[in-house]
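Below is one structure, written out as structure tokens, with a few remarks after it.
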Amino acid sequence: MKLGARKPSIKKSISARTTGKMKRTVKKAVIPTYGKKGSGFIKNPSKSIKNSIYNKTTYSIIDTSSSKNSSKSTGQSHQNYIKNVEIIEEKEKNYKKGEKLLKSAHRQEKIVNKTNNPISFFKSYEKLISTMKELIKLENTGIFNKGTTPTDNLKNIEENKEKTINNFINRYYEKTLNIMKYQEKKEDKLKSIENFSKNLSKYKDKMTKNNIENYEKLNDELKNHLDETVQMSKFSKILSNILIGIIVIPIVGIVLLIIGYIIWFIIEIILAIFS
């Protein structure tokens, strides 16, 4: 971090007052947000904070020497720059903390919206709520842009809690149903249904009445699916036995007929020889 007077550059100073000024004028005419306060932070937060720190912890020798209030301004800069440094460092610290919390919140949100594992879902959901509450504590530090705040986000999460949990329950139901499709034994299917109900019932205290009714209804659907599967299996066995009978019996009859004809033919030959 640079402190004190900035190194003067005549070339850059002239460029800023001529070519640079013309470029800024054109950009303002083309880009509505160009030069507006806060637009730099939106485009590049990290660069905006670094520039803010640089501008408040350093001062220009050229500007202060050409000003009537040169001595006064320079003196005030030296007196206040330490205080400004502490303020900016605190803001940068809060920004880094906020950035870390936001990344954590995005990770938890992704798990909550995609996982079909009860433990992962409810653990991530609780962590997401906790993270949003930590972000709310940083609202008064000025690191967030105007618009949606962590308070708004938390309110939205809590308002959609029932829907979010129902979406997870539906994903978990689909997962259990797919597992049952590949299970051949009835005992294994019953175990899967039992695990579905058991794993969700652990989190009843975190669910609404509608959530509980939803998973109980899906649990009944899994049982009905099992009964239908068993009935279909019995029907398939009966049908296969009938098909086997339809196909095998004629074949066996034909084979026996051929064997009988061969035996008759051999007997005829033997009788012909000895007669």
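The values are calculated or read from the model by the stated rules, or taken from the named source; none is laboratory data. All values derive from a computational prediction rather than experimental measurement. Reconstructed Cβ throughout: ideal geometry from the backbone, glycine too, with neighbour counts over all protein chains shown.
Computed values, structure above
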item	result
Among the candidates Asn219, Asn241, Asn210, residue that is of a type outside the set (Phe, Trp, Tyr), at pLDDT 80 or above and closer than 29 Å to Lys185 by Cα	Asn219
Test result for Glu228, surrounded by fewer than 10 Cβ atoms within 10 Å (Cβ to Cβ) and modelled with pLDDT under 85	no
The listed residue being touching a residue at least 24 places away in the same chain (Cβ under 8 Å), basic (Lys, Arg) and more than 14 Å from Val112 (Cα to Cα), out of Lys198, Lys189	Lys189
Yes/no for Ile193 being at pLDDT below 95, surrounded by 15 or more Cβ atoms within 10 Å (Cβ to Cβ) and closer than 19 Å to Ile212 by Cα	yes
